[in-house]
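Worksheet for the structure shown next.
The values are calculated or read from the model by the stated rules, or taken from the named source; none is laboratory data. Predicted, not measured: the structure shown is a model, and the values here were computed from it. Every residue, glycine as well, gets a Cβ built from its backbone with ideal geometry; the counts of neighbours run over all protein chains shown. What goes into the accessible areas is simple: the full protein's heavy atoms, side chains included, and nothing from ligands, DNA or RNA. Shrake-Rupley method; radii C 1.70, N 1.55, O 1.52, S 1.80 Å.
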Amino acid sequence: AQSVTQLGSHVSVSEGALVLLRCNYSSSVPPYLFWYVQYPNQGLQLLLKYTSAATLVKGINGFEAEFKKSETSFHLTKPSAHMSDAAEYFCAVIRNSGNTPLVFGKGTRLSVIA
Amino acid sequence: KAGVTQTPRYLIKTRGQQVTLSCSPISGHRSVSWYQQTPGQGLQFLFEYFSETQRNKGNFPGRFSGRQFSNSRSEMNVSTLELGDSALYLCASSLSVQETQYFGPGTRLLVL
């Protein structure tokens, strides 16, 4: 079965600082990995996805993530935080084949301090 | 192309009642999944439908049910509502199974 662990339920950074949100996954077969963002009172918006092509994935709003199989990680980064990045971020994993649902991590709430 | 739409957006019910939530997927998408989001449990998978067939079901009691119509629209129903059913219910659609899921804005259900 797949699982996702997001380290840190709350991360706080200063505006302009590096954003690093951590995600480790567990999967018995090659996974597809996703990062979603949720703003208050809204649904989830896809930031980026890894589907076994390039290991460095670029997403929207300047975010990117690197798939590291040896570390079973898929951390999300952004070089310079903006106030508008304050939101909840979810990492998710699904098997690339078979009949299994998408599994989400518990989420990391990002605060950006002016 | 229009996104995933969910109706209603907000709902208040009392214990013991039942509720039906609706989801219209992105045009051309044939798979619909439902999730329950609460502060304590996070995002939990409810069920997934593809071509009117339930492919997967999460670990929820039988009070939670769903269906998908021939036009890919989906409904979920919760009977005999409990206080703990208060949550944001999210619907997501994808072209097919194991494909990228795109989420709607959710239906916020409050059970009093």
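A:Cys91 sits with roughly 0 Å² accessible to a 1.4 Å probe, with DNA, RNA and ligands left out of the calculation. The reciprocal of the average 1/r between distinct C-alpha atoms defines the Kirkwood hydrodynamic radius, which for the protein assembly as shown equals 18.1 Å. Extension gain, A:Met83-A:Leu56: 0.36 nm per intervening residue step, less the Cα-Cα distance, totals 7.2 nm.
The distance between label points at A:Ser26 and A:Lys69 comes to 2.1 nm (points 7 Å beyond Cα on the Cα→Cβ vector).
When nucleic acids and ligands are ignored and a 1.4 Å probe is applied, A:Ser28 ends up with an accessible area of around 90 Å². With R₀ fixed at 30 Å, the C-beta to C-beta distance from B:Gln17 to A:Lys106 puts the FRET efficiency at about 0.50. Once C-alpha pairs closer than 8 Å and six or more residues apart are averaged by separation and normalised to the residue number of chain B, the relative contact order reads 37 percent.
Sorting A:Met83, B:Met76 on solvent-accessible area from highest to lowest, probe radius 1.4 Å, gives A:Met83, B:Met76.
In what sequence, largest accessible area first, do B:Tyr89, B:Tyr10, B:Tyr102, A:Tyr39 appear using a 1.4 Å probe?
Values: B:Tyr89 0, B:Tyr10 140, B:Tyr102 90, A:Tyr39 55 Å².
Per-residue accessible area, sorted high to low, gives B:Tyr10, B:Tyr102, A:Tyr39, B:Tyr89.
Pairs of Cα atoms in the range B:2-112 fall into 10 Å distance bins, from 0 up to the last occupied one, in shares of 16, 51, 29, 4 percent. In this structure A:Ile60 has an accessible area near 60 Å², from a 1.4 Å probe over the protein heavy atoms.
Need one value for A:86-96: mean number of C-beta atoms belonging to other chains within 10 Å of its residues' C-beta atoms.
Working: counts 0, 0, 0, 0, 3, 0, 2, 0, 5, 1, 1.
Neighbouring Cβ atoms belonging to other protein chains average 1 per residue here.
Evaluated at q = 0.11, 0.12, 0.15, 0.18 Å⁻¹, the base-10 log of the normalised Debye intensity for chain A, with identical point scatterers placed on the Cα atoms, takes the values -0.32, -0.38, -0.59, -0.85.
Shown are A:Val19, B:Val97, whose ranking by accessible area with a 1.4 Å probe and every protein chain present, most to least, is B:Val97, A:Val19. Residue-wise HN-Hα couplings along the range B:13-18, as the Karplus relation 6.51 cos²θ - 1.76 cosθ + 1.60 with θ = phi - 60° gives them from phi, are 10, 10, 3, x, 6, 10 Hz; Gly and Pro carry x. Less than 5 angstrom separates the built amide H of A:Phe67 from those of A:Leu56, A:Val57, all sequence-distant by 5 or more or on a different chain. Spacing of the modelled spin labels on B:Glu52 and A:Asn41, each 7 Å from Cα toward Cβ, amounts to 3.9 nm.
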